[in-house]
Structures are given as C-alpha cells and as structure tokens.
1. Given Cys271, Phe140, Ser259, which one lies farthest toward the positive end of the charge dipole of the chain, if we put +1 on the Cβ of every Lys and Arg and -1 on the Cβ of every Asp and Glu?
2. Given the pairs Lys191/Lys213; Lys167/Lys332; Lys77/Lys167; Lys163/Lys220, which span a C-alpha to C-alpha distance of over 31 angstrom in this model?
3. For Lys58, give me every one of the lysines with a C-alpha distance below 27 angstrom, ignoring sequence neighbours fewer than eight places off in its own chain.
4. With charges only on Cβ, +1 for K and R and -1 for D and E, what is the dipole size of the chain about its Cα centre, in debye, rounded to 20?
5. Is it possible to state the helix-based mean residue ellipticity at 222 nm for the chain, with each DSSP H run of 4+ residues giving -39500 (n - 2.57), the sum divided by total residues, to the nearest 500 deg cm²/dmol? What is it?
6. So which helices of the chain fit the span-like rule, where a helix is a whole DSSP H run, its Cα atoms reach 18 Å or more along the axis, and its mean Kyte-Doolittle is at least 1.0?
7. Per residue, what volume in Å³ does the convex hull of the Cα atoms of segment 158-203 enclose?
8. Here are several values of volume of the Cα convex hull per residue in Å³: [x] 251; [y] 167; [z] 145. Which one was derived from the coordinates shown?
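The values are calculated or read from the model by the stated rules, or taken from the named source; none is laboratory data. Nothing here was measured: the structure is a model prediction, and the numbers come from that model. Here Cβ is always computed from backbone atoms with ideal geometry, including for glycine, and neighbour counts include all displayed protein chains. Protein only, heavy atoms only, side chains kept; ligands, DNA and RNA dropped before computing areas. Shrake-Rupley method; radii C 1.70, N 1.55, O 1.52, S 1.80 Å.
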Amino acid sequence: MKKFLAIVLALTMVFALCAVTASADDALVEAAKAEGELVVYGGCEEEYLAAVCENFEKLYGIKVDYQRLSTGEIQAKISEENGNPSADVAFGGTTDPYNEMAAAGLLEAYEAENAAHLMGPMYRDADGQWYGIYKGILGFMVNKDELERLGLEAPADWADLTKEEYKGLIWLSNYNTAGTAKLVVNTMVQKYGHDEGLKYLCDLDKNIQVYTKSGSGPSKNVGTGECVIGIGFLHDGITQIVDNGYENIGLVIPSSGTSFEIGATAIFKGCKHPNAAKLWIEYALSPDCVNLAKDNGSYQFLVIDNAEQPSQAAEFGLDPNNVMEYDFEDAKANTSAYVADVMEALANAGADTADEGRFQIS
C-alpha cells in the first residue's frame, strides 16, 4: 500500500509540474496574443524568412511584419535607434554583429525554455542575449564552366585566392554591411594574426571585382558567370545548385581549414512587443520553425537536437564539425575595430573604399 501511495504521489507531482509548465507557456502565448503584433528583421534569405514569419502568424494568430536586411544593416539600424528599436527581434545572420549589439547593450536577455534543445553551449550567448538556429560553413563557390574557359584550376585554399591569375574574378561581401564579410575578417585575423591577416585581405583585394552588400550576393552571381569565384557560405551555393539548377557551380572547402557562422535570433532591448518577442524565441528554437529551412532554399546545419537535418548539406560533402576553432569572445570584443582596421589598410594600399560601385551598400 505504501508503495502504491508513493507512486501516486510521484505521478501527482509530475502532472502538477507539467501543468505549471503548460500554464507558463499558455500565459506567454496569451500575453503575446494580447500584444497582437511582431516586427522581425531577418538576416537569412527572404524565402526562408517569409515562411517562418507566415507560420508563426498561422500558429499564434499574431500579425508579423518582416523585412530582409543584411546582418550588418540590422546592426547599423538598431545601433542608430539606440534603445528605441523599430523591430522586436532579429532572425538569421552571423553572430558577430549579434555579439557587437550585445556588447553595446542593444539586446534583451531572455532564458528560453527551448534552449534545452541546443546541441551545445557554443550555440547560445551565456546570458541569453542570442540563440543559435543554424550553422553554416564558409568556403568558395566557383563557376566550373568559366574556369575551364579561362584555363584555370579552382582555388583549393585561402592562399590561392591571392594568385594573380584570379585578378578580377573574385566576389566577396562588404565588410561594413555583411555579417559574412565580418566573419571573413575575424577568420583571417584568427588564422594569421592581426597584422598578417590585414596584409592577406589587402592582397586579396587586388583580385576582388565586387564587394556585395549582402553575404549571399556572390553566390547569386556564380551560376550566371558574372562572378567566377565567390567567397561565402556553402549552403548558399547549394541553394543555387538545387533550387535554381546551376549545376555548373562547384563548392570548395578550404584545404587548410575554414570557419563557420552560427545563425542567430535575438530580442532587441526596448522592443514594443516584448511578450511576442519571447514567444518568437521559443518558436525559433523549435522544429515548427527550423524544419521549414530545407523546404525554402536554406540548407544550413540545424543546431537543435529535435530538428530534422537537411540531407543536401551532407550530400555535398559538408561536415559541421570539420571547421577551425573560432574565438567568439575575441570576435565579440574586436569585430568593429578589425573592420575599421581593414578598411583603413585597404585605403592606405590604394583601394577606393568610397567607390559604391565596387563596395556596394545598396
């Protein structure tokens, strides 16, 4: 009898705990619904952004306005608004700008319940100011037809990109506007050291034709041959191959190692719809959200343990663990300074950094 009563008591406690958890979740949903609206700035691709926003609206009946911006543009906009943000949350884009916003006090800490599903502590800010939703591998995309026409081999590593034979053939994104380019800066500084990293980027600049506003800009022009070699995230290249039929694109993982992005989501401090924003974070860390990626042209590795990984990334030989160790704390503390150093070094080396045709900002 005592054993039976103990079991009943234990079950009662479990059910009570579940009821409290459900009540807390329901309370957040109801508070979010009372606010009735959410504004999202998205650093991921627009097709994915639209899908996740429309699904959130469908699930919760909360009106969602969204705008696709490069992650650097999101950072610049929120920094300028300084505590009175025009949006509630950011979704997608590399963590370097998120870390800079966190350091500037522009993000709101929130301890998300669904963060328990993250695959490791590296996929979140320790204070809950941002959470990871996907992982993307940095590399090169090449137009195989154009390389063959020019009688050139594809670059195999970072050092190859500075060879004179690639002059005018390479596209990269703008260090001032794209989180992808900020990651490239940090990667080179961490790989070679500060001074040698800047020297490398100045040598690379001699071969760069265009710096696009957005990190995905190079990938969108490789298949057409306008860009022969693009530096960016390889999942963007997969999108061009799988969704747009550009089978002439080859993907290159740098042989000496490469780095990666953690695409993030966060709440802006001072946002107008704080409960809807918290509900968004819970949603963003759920299969309801991230499983939409592979069906909407986004093939990044997912970083929550209950998500369905896109098969395409592995089919193209990408491995989420085959990357260099990335120092997020150094990037958090120094990205802005490193970008300023690079732009100064480029100008001192003779680059016209005010040329908006080459250093695109729109």
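1. Selected residue: Cys271.
2. Lys167/Lys332; Lys77/Lys167
3. Lys33, Lys135, Lys269, Lys272, Lys278, Lys294
4. Charge dipole of the chain: 660 debye, to the nearest 20.
5. -13500 deg cm²/dmol
6. Span-like helices, by this rule, are 2-35.
7. Expressed per residue, the convex hull around the Cα atoms of segment 158-203 is 72 Å³.
8. From the options [x] 251; [y] 167; [z] 145, the structure gives [z].
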